[in-house]
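The values are calculated or read from the model by the stated rules, or taken from the named source; none is laboratory data. Note that this is a predicted model, so its numbers are computed, not measured. In this analysis, Cβ positions are derived from the backbone assuming ideal geometry, glycine residues included, and neighbour counts consider all displayed protein chains. Surface areas here come from the heavy atoms of the whole protein model, side chains and all, with no ligands, DNA or RNA. Shrake-Rupley method; radii C 1.70, N 1.55, O 1.52, S 1.80 Å.
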Amino acid sequence: MADLVRAHLQALISERHPLSSPAGLRRAQDYLADQFRRIGLEVSFHQFRALGGTYQNVIAALRPQSARRTGPPLIIAAHYDTVEGSPGADDNASGLAVMLEAARALSPMTLAREIRFIAFCLEEEDLLGSLAYAAALKEAGEEIAGAIVLECVGYTSEKQGSQAIPVAMPIAVSDVGDFLAIVGNSASASLANAFKRAAAREARELKTISLVVPAKGERLPDTRRSDHAAFWHYGYPALMLTDTANFRNPHYHRPTDTFETLDLTFMQRVARAVAAAAISL
């Protein structure tokens with residue numbers, strides 16, 4: 001597992017911005033599609049118009065046996081663009097690598113519902129890719145079991161004081177940055193509980209803190225800063241799994257967000273927890 005995660009990171013880490021590095025954005029898109037196909041998943045692209053051009057969300061479907069299908073699909077997602085000037089190791093090559101590893105672990109299994117692995121584009125541009133996708137789901141009247149969104153899941157620190165805490169945080173949070181935050185809203189409470197149980201069972205070394213915010217998180221805007229908020233906007237249950245980004249990682253959105261700063265052991269634990277949650281759901 002470690003070698004595969006390392007290989008994914010090394011392939012993906014580089015600036016991936018729609019204006020300053022469109023070639024890097026396209027390379028990431030092609031790499032993700034190729035890796036999903038190698039796993040044996042069915043790949044498609046959701047196109048949307050934005051910023052004067054056409055962009056694509058990469059979708060890979062792990063379909064159940066038709067006779068055993070029970071209920072709507074589960075989505076596991078991460079974004080593949082970066083801000084300008086950053087190679088985006090933690091933000092968000094880490095999420096992509098964990099998603100690919102979870103897909104590999106789940107691909108040989110016979111599951112009761114479809115799992116869609118989605119790499120969203122233009123998260124850094126006001127969530128344009130995930131908003132376009134969630135809007136298309138809503139327009140089609142399609143339900144989902146929920147979305148698990150991986151957003152910065154590769155940076156940890158064992159130092160006291162390494163974890164900052166957002167203003168008005170309603171729960172107790174450690175000031176040591178060695179945990180995974182599970183962030184849901186009121187419509188996603190059961191999804192958050194299911195993930196926490198699965199993580200405790202199959203990735204016991206992974207420390208987690210769970211936060212469920214009212215409504216769509218408007219009172220705590222820092223809980224809305226990734227693609228899960230697009231699903232909240234359209235009334236779908238969704239979680240953000242995160243190392244808390246700039247509240248812990250001093251390299252956030254900087255040129256220093258590089259491979260050397262990542263905690264691969266932590267990422268492997270997150271991947272195990274994601275796969276376990278998908279199985280239980």
The listed residue being touching a Ser or Thr at 6+ places or on another chain (Cβ under 8 Å), within 27 Å of Glu84 (Cα to Cα) and open to solvent by 40 Å² or more (accessible area, probe 1.4 Å), out of Arg254, Arg248: Arg254
Selection count where residues are closer than 18 Å to Ile118 by Cβ and either open to solvent by less than 20 Å² (accessible area, probe 1.4 Å) or hydrophobic (A, V, I, L, M, F, W, C) (or both), scope segment 26-78: 23
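So, Glu114, is that one at pLDDT 95 or above, under 27 Å from Ser21 (Cα atoms) and out of contact with any helix residue (DSSP H, G or I) (no Cβ under 9 Å at 6 or more places or on another chain) or not?
Numbers: at pLDDT 95 or above: yes; under 27 Å from Ser21 (Cα atoms): no; out of contact with any helix residue (DSSP H, G or I) (no Cβ under 9 Å at 6 or more places or on another chain): yes.
Answer is no for this residue.
Here's a check for you: in segment 35-47, which residue that is without any contact (Cβ under 8 Å) to a residue 40 or more places away in the chain and over 19 Å from the mean Cα position of the chain (by Cα) is farthest from Val58 (Cα to Cα)?
Step by step, filter segment 35-47, then rank; the result is Arg38.
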Those residues of segment 121-143 which are touching a Leu at 6+ places or on another chain (Cβ under 8 Å) and not in a loop (DSSP other than H, G, I, E, B), in sequence order: Leu128, Gly129
Within segment 1-25, tally of residues that are at pLDDT 95 or above, open to solvent by 30 Å² or more (accessible area, probe 1.4 Å) and either farther than 14 Å from Ala93 by Cα or touching a strand residue (DSSP E or B) at 6+ places or on another chain (Cβ under 8 Å) (or both): 4
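Let's see how each residue does on (1) open to solvent by less than 60 Å² (accessible area, probe 1.4 Å); (2) part of a loop (DSSP other than H, G, I, E, B); (3) without any contact (Cβ under 8 Å) to a residue 24 or more places away in the chain; (4) out of contact with any helix residue (DSSP H, G or I) (no Cβ under 9 Å at 6 or more places or on another chain):
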| site | (1), (2), (3), (4) |
| --- | --- |
| Val149 | yes, no, no, no |
| Tyr155 | yes, yes, no, no |
| Ala168 | no, yes, no, yes |
| Val183 | yes, no, no, no |
| Ala189 | yes, no, yes, yes |
Count - residues of segment 209-232 that are among the charged types (D, E, K, R) and either touching a Leu at 6+ places or on another chain (Cβ under 8 Å) or without any contact (Cβ under 8 Å) to a residue 12 or more places away in the chain (or both): 3
Arg204 open to solvent by 70 Å² or more (accessible area, probe 1.4 Å), assigned to a loop (DSSP other than H, G, I, E, B) and free of Cβ contacts under 8 Å to residues at least 40 places away in the same chain: yes
Selection count where residues are closer than 25 Å to Leu264 by Cβ and over 18 Å from the mean Cα position of the chain (by Cα), scope segment 108-158: 4
Every pair of residues 6+ apart whose Cβ atoms lie under 8 Å, when the first sits in segment 125-143 and is among the aliphatic types (A, V, I, L, M) while the second is open to solvent by 50 Å² or more (accessible area, probe 1.4 Å): Leu128/Leu51; Leu131/His233; Ala134/His233; Ala134/Tyr234; Ala135/Tyr234; Leu137/Tyr234
